[in-house]
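In what follows, a structure is listed as structure tokens, so that the remarks can point back to it.
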Amino acid sequence: MSLAPFTQEHDLLRQTIAEWVAAEVTPNLAQWEDDGWFSNDVFRRAGELGFLGLAFPESAGGQGGDYWSQVVFLEELGKVSQAIAMVLSVQTDMSTPPLLKFGTERQIDRWLKPALNGELIGAIGITEPDTGSDVASIRTNAVRDGDEWILNGQKMYITNGARADFITMVVRTAPIEEADPWGGISMFIVDTSLDGFEVSQKLEKSGMKMSDTALLFMEDVRLPPDSLLGVEGEGFKQIMWELQGERLGVSVFGVAGAKAVLDEALSYACERHAFGRPIGDFQALSHRLVDMATEIEAVEALIYECCDLWNRGIYATEEVAMAKLSVGELCNKVVDEAVQTMGGAGLVEGSFISREWLGMRIGRIGGGSDEVQRQILAKTMGIG
């Protein structure tokens, strides 16, 4: 069942993306995960095929499609790997949308258009060593020096950080004031080739190894005047807007991954025999699979509702928080149940299930943890 208004055009796009994924992505996933890296050619190829700018206007270098086109892209990636979906969604749903919404024509030409072509790689810079979800407490700062800005600080757990050409970064440009702790934050486009910018460490993770994650260090980085994105002091509002699209994108490829995991477990339950019959015939396992399918269907319906709202330009904070919270918990439950269904086969190193078992765990942390989503929802209910 599908509540999404996918048209024939969307179906053709899905077929094209699925063919690219099957030919150039899926065969390499195990090796990329072992290597903890993959070539930047993946970005260039996706850009060449037009996949990085599906929902961006043609005037900004995109394909001019609706948000459902982006949903198709994220779903096809999520089916095969949460890691590759995360990496490419940082490019399409996190680092570049603020450039379109808040950027000048010059910034769009300099950064956005090449990013949508896959010629430049972006990252989003929020988290710091001492501040995660508490954006108001960030310490990375920029001070004016004539027409330029001098940037100092650190950013932590930055996806694509080891390879990025630019970071769409939230930075403090005025001291914290008790009356307005969210003020004094601005957003910048930080060129990673500038003197003083350093990838201090590529962080090794237990899952999503192909998705590079970095600790970044900035010491007296001189930012040119046109590095400021949007209006000085409006950075908190800007990043809160960005996070809605980020959380929705993560939800889209997350539920697609959960469906793929269920399919894998279902196939195994039909093929694996014990005591003279398929293990799926045993009520304990059949009911487990039924429960998984039912929960996936419900969460997908919520996500598609959010996608519809986003596609119509509606800023659905409450619904997106519910979607992000639901899909994070769903993915972890489904993949754990799949491992239990498949037994030892689900734990074999390099297998799809074992890779996703580790990869899906980040869904409850990245883009705002479960706890943050619950706090957002509590406030919307008047109890937070």
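The values are calculated or read from the model by the stated rules, or taken from the named source; none is laboratory data. Predicted model only: the values in this text are computed from it and were never measured. For neighbour counting, all protein chains shown are included, and Cβ atoms are generated from backbone atoms with ideal geometry for every residue, glycine included.
Could you say which residue among L77, L100 is surrounded by 22 or more Cβ atoms within 10 Å (Cβ to Cβ), touching a helix residue (DSSP H, G or I) at 6+ places or on another chain (Cβ under 8 Å) and either touching a residue at least 40 places away in the same chain (Cβ under 8 Å) or of a type outside the set (F, W, Y) (or both)? Within the list L77, L100, the selection yields L77.
Applying a threshold of 8 Å to beta carbon distances and a minimum spacing of six or more residues, or different chains, the list of pairs starting in the range 245-273 at a residue that is over 12 Å from V335 (Cβ atoms) and in the same structural domain as V339 (by TED's automatic domain parsing) and ending at one that is of a type in the set (S, T, Y) and surrounded by fewer than 24 Cβ atoms within 10 Å (Cβ to Cβ) reads S251/S326; A269/S286.
Yes or no, residue by residue, for (1) at negative phi; (2) modelled with pLDDT under 95:
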position: A4; (1), (2): yes, yes
position: H10; (1), (2): yes, no
position: V25; (1), (2): yes, no
position: V42; (1), (2): yes, no
position: G61; (1), (2): no, no
position: E75; (1), (2): yes, no
position: S95; (1), (2): yes, no
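On the basis of being assigned to a loop (DSSP other than H, G, I, E, B) and under 18 Å from the mean Cα position of the chain (by Cα), does W68 make the cut? Criteria not met by W68. Inside the range 178-194, residues that are in contact with a strand residue (DSSP E or B) (Cβ under 7 Å, 6 or more places away or on another chain) and free of Cβ contacts under 8 Å to residues at least 40 places away in the same chain make up a count of 3.
Just so you know, in the range 105-132 the residues that are loosely packed, with under 15 Cβ neighbours inside 10 Å and either among the aliphatic types (A, V, I, L, M) or at pLDDT below 95 (or both) include one that is nearest to I376 (Cα to Cα), and it is D130. Name every residue in the range 339-378 that is hydrophobic (A, V, I, L, M, F, W, C), closer than 20 Å to V80 by Cα and assigned to a helix (DSSP H, G or I), in order of residue number. Result: V339, M342, A345, L347, F352, I353, W357, L358, M360, I362. The helices (runs of 4 or more DSSP H) found wholly in the range 1-65 and carrying at least 1 residues that are under 25 Å from W111 (Cβ atoms) occupy 8-20, 41-48. In the range 281-312, the qualifying residues are those that are more than 34 Å from the chain's Cα centre (by Cα) and in a helix (DSSP H, G or I), and the one that is surrounded by the most Cβ atoms within 10 Å (Cβ to Cβ) is D281. Do we find that K205 is within 24 Å of E371 (Cα to Cα), crowded, with 19+ Cβ neighbours inside 10 Å and of a type in the set (K, R) in this structure? No, not satisfied. Under the condition of being under 23 Å from the mean Cα position of the chain (by Cα), outside any loop (DSSP other than H, G, I, E, B) and within 21 Å of W111 (Cα to Cα), the residues counted in the range 125-179 number 10. Looking across Y315, Y268, one residue alone is of a type in the set (F, W, Y) and buried (at least 18 other Cβ atoms within 10 Å of the Cβ). It is Y268.
Picking from residues in the range 180-232 that are assigned to a helix (DSSP H, G or I) and of a type outside the set (S, T, N, Q), the one that is farthest from the chain's Cα centre (by Cα) is P225.
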